[in-house]
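The values are calculated or read from the model by the stated rules, or taken from the named source; none is laboratory data. In this text the structure is predicted, and so the values were computed from the model without any measurement. So basically every Cβ, Gly included, is an ideal-geometry build from the backbone, and we count neighbours across all protein chains shown.
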Amino acid sequence: MARATALIYFRRTLLLLGAVLSLAGETRRALVVGNGDYKNVPPATQSAADARAFGRALTASQFQVDLLINVEADALAREINKFLQDLQPGDAAVFYFAGYAVQDMGENYLLPVGYAPAGTDGIEFQSYSVKRLVRYLETKKLSTGVVVLDYAPSNPAIERKFPEPGLATMDIRTANLVLALPNLPGRGTLPAPGRELSRYTEAWVAAAAEKGMSLDNALRRVKQQVSQSTGGEQVPAEISTLVNEFAFQPRSLAAVEWDRIANSRDIAAFEAFRERFPNDPLVTEAGNRVRTLEWDRVRADGDPKAVRLFLSRYPRHVEAARWLAAQEANEKNSTSSAVLGAIERYSKAYESRDVDSLQAVRPGLGPAERKRLEQAFREFKSIKYSLTPAGEPAIEATAATVKCRLKVEMRSSDGATPRPVDQAVTVKLRRQSDAWIIDTIQ
């Protein structure tokens, strides 16, 4: 059984390690373009800052990032083509563009900073075709390919030339490609004066920084954030054939292993996690789970000794300290009741003239004293005897001391009444098996 368990554990470790190694070996490439300083149309004010912010986010996600700011048509085409040619099967690739983009007759185009609406050349010669970009990516057999187009709000100079707002929808013909747009197809983006970044890029940067967030969840998060911030007037959209799992910040081996054991009640599993990943932040949570499971077990046993041992390991465990205090208080109350009960039984036995009951509570009663008591009980017609505690018992493990008030009144058959007794006494008791007995009354 132990060998089988070890084999299963070894196989799981290999699988998890394989997943991490595959992530570590994955080549991540990105081309980020920010065109803001247009020469013949008003500037796209946030585009350069957007590109730099997105580039930093990708660099933090282990991408090899080429950043282009304010590029002309020739440079844009050259750098995009180089980026596409460098991609290899199995790579993860991201292309990002911030700046003006337009649709013309159902085709989408990215505008370089030198674009001139009054120029005689057609749009296909003054820009870069998104369709061309996507079709090239389809041939590369990427593990994941993402195209993010954060096109800037349009302006009259561009609208006169291209009256259809936003970008057109398009098809994707292979798996694991995503074309992400800042608004629904056919709808432009909203101006955001006074903001350093566009709403769309800001949402992407935040999503890309979150550890372990899948690309599917990142797309959803971006849609939620932008839609909420614009009151639903701008709703990001994507065309996706994503099949593979992808995260900008891949989850660690420790995080993957934690998912496997998170709901376990096996203390050994969490102890093993702490040994394997001593520097991972989740080791704190693993320690908390060990403490919780140990406390559940100790509390179920209900053994004060075990609780004390638990508290020696976890001295700040409030619930265990309260449990032990309550148990000790209950035990003290129970012991105190038992001690006072022994004194009360002695008083009642004395008053009822029951020597055998007296002997049971006070086994040290010698033969001579027993005989004297038996004679006194015969001679006196009535006996009033009270041994009243005057304070709380002082109790140790097997001994107790109680300050009492002793009052005795007796009347003989001939009417004689000895002087009544009314004095302070000290009753000393000891534990015998499960009972308390009186040693001395002084």
Given the conditions (1) surrounded by fewer than 15 Cβ atoms within 10 Å (Cβ to Cβ); (2) without any contact (Cβ under 8 Å) to a residue 60 or more places away in the chain; (3) not aliphatic (A, V, I, L, M), report the number of the one that Glu409 does not fulfil. (1)
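Conditions tested, residue by residue: (1) touching a residue at least 12 places away in the same chain (Cβ under 8 Å); (2) in a helix (DSSP H, G or I); (3) exposed (fewer than 12 other Cβ atoms within 10 Å of the Cβ).
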position	(1), (2), (3)
Leu324	yes, yes, no
Ala329	no, yes, yes
Tyr350	yes, yes, no
Lys384	yes, no, no
Can you tell me which residues in segment 306-339 are basic (Lys, Arg) and within 22 Å of Arg431 (Cβ to Cβ)? Arg308, Lys332
Of (1) touching an Asp or Glu at 6+ places or on another chain (Cβ under 7 Å); (2) in a loop (DSSP other than H, G, I, E, B), Lys141 fails just (1)
Across segment 294-317, which residue is surrounded by the most Cβ atoms within 10 Å (Cβ to Cβ) among those that are closer than 17 Å to Ala268 by Cβ and in contact with a helix residue (DSSP H, G or I) (Cβ under 7 Å, 6 or more places away or on another chain)? Val298
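Every residue, every condition in (1) more than 43 Å from the chain's Cα centre (by Cα); (2) more than 19 Å from Gly114 (Cα to Cα); (3) touching a residue at least 40 places away in the same chain (Cβ under 8 Å), yes or no:
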{"position": "Asp50", "(1), (2), (3)": "no, yes, yes"}
{"position": "Leu67", "(1), (2), (3)": "no, no, no"}
{"position": "Val71", "(1), (2), (3)": "yes, no, yes"}
{"position": "Leu76", "(1), (2), (3)": "yes, no, yes"}
Name the residue, out of Glu210, Glu196, that is within 18 Å of Gly36 (Cα to Cα) and either without any contact (Cβ under 8 Å) to a residue 24 or more places away in the chain or assigned to a loop (DSSP other than H, G, I, E, B) (or both). Glu196
Please go through segment 108-138 and give me each residue that is closer than 14 Å to Leu179 by Cα and touching a helix residue (DSSP H, G or I) at 6+ places or on another chain (Cβ under 6 Å), ordered by number. Asn108, Tyr109, Tyr136
Would it be correct to say that Ala247 is free of Cβ contacts under 8 Å to residues at least 60 places away in the same chain, surrounded by 14 or more Cβ atoms within 10 Å (Cβ to Cβ), touching a strand residue (DSSP E or B) at 6+ places or on another chain (Cβ under 8 Å) and of a type in the set (A, V, I, L, M, F, W, C)? yes
Which one of these is buried (at least 16 other Cβ atoms within 10 Å of the Cβ) and in the same structural domain as Arg378 (by TED's automatic domain parsing): Ala320, Ala360, Ala338, Ala286? Ala360
Odd one out for Ala424 among (1) of a type outside the set (Lys, Arg); (2) at pLDDT below 90; (3) loosely packed, with under 15 Cβ neighbours inside 10 Å: (2)
State the number of residues belonging to segment 179-191 that are hydrophobic (A, V, I, L, M, F, W, C), out of contact with any Phe, Trp or Tyr (no Cβ under 9 Å at 6 or more places or on another chain) and either crowded, with 16+ Cβ neighbours inside 10 Å or without any contact (Cβ under 8 Å) to a residue 40 or more places away in the chain (or both). 2
Among the residues of segment 419-432, are any assigned to a strand (DSSP E or B), more than 13 Å from Ala342 (Cβ to Cβ) and either of a type in the set (Ser, Thr, Tyr) or touching a residue at least 60 places away in the same chain (Cβ under 8 Å) (or both)? yes
Taking segment 223-259 and the residues there that are under 30 Å from Pro278 (Cα atoms) and among the small types (Gly, Ala, Ser), the one that is modelled with the lowest pLDDT would be Ser252
Failed item, numbered, when Arg220 is tested on (1) assigned to a helix (DSSP H, G or I); (2) closer than 30 Å to Val283 by Cβ; (3) not hydroxyl-bearing (Ser, Thr, Tyr): (2)
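Residues are listed down the side, and each one gets a yes or a no for (1) farther than 22 Å from Ala75 by Cα; (2) in a loop (DSSP other than H, G, I, E, B); (3) touching a residue at least 12 places away in the same chain (Cβ under 8 Å); (4) not assigned by TED's automatic domain parsing to the domain that holds Ser198:
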residue: Tyr109; (1), (2), (3), (4): no, no, yes, no
residue: Gly114; (1), (2), (3), (4): no, yes, yes, no
residue: Lys131; (1), (2), (3), (4): no, no, yes, no
residue: Leu137; (1), (2), (3), (4): no, no, yes, no
residue: Val148; (1), (2), (3), (4): no, no, yes, no
residue: Glu159; (1), (2), (3), (4): yes, no, no, no
residue: Gly166; (1), (2), (3), (4): yes, yes, yes, no
residue: Thr169; (1), (2), (3), (4): yes, yes, yes, no
residue: Ile172; (1), (2), (3), (4): yes, yes, yes, no
Of the conditions (1) in a helix (DSSP H, G or I); (2) acidic (Asp, Glu); (3) modelled with pLDDT under 90, Glu392 satisfies every one except a single condition; which number is it? (1)
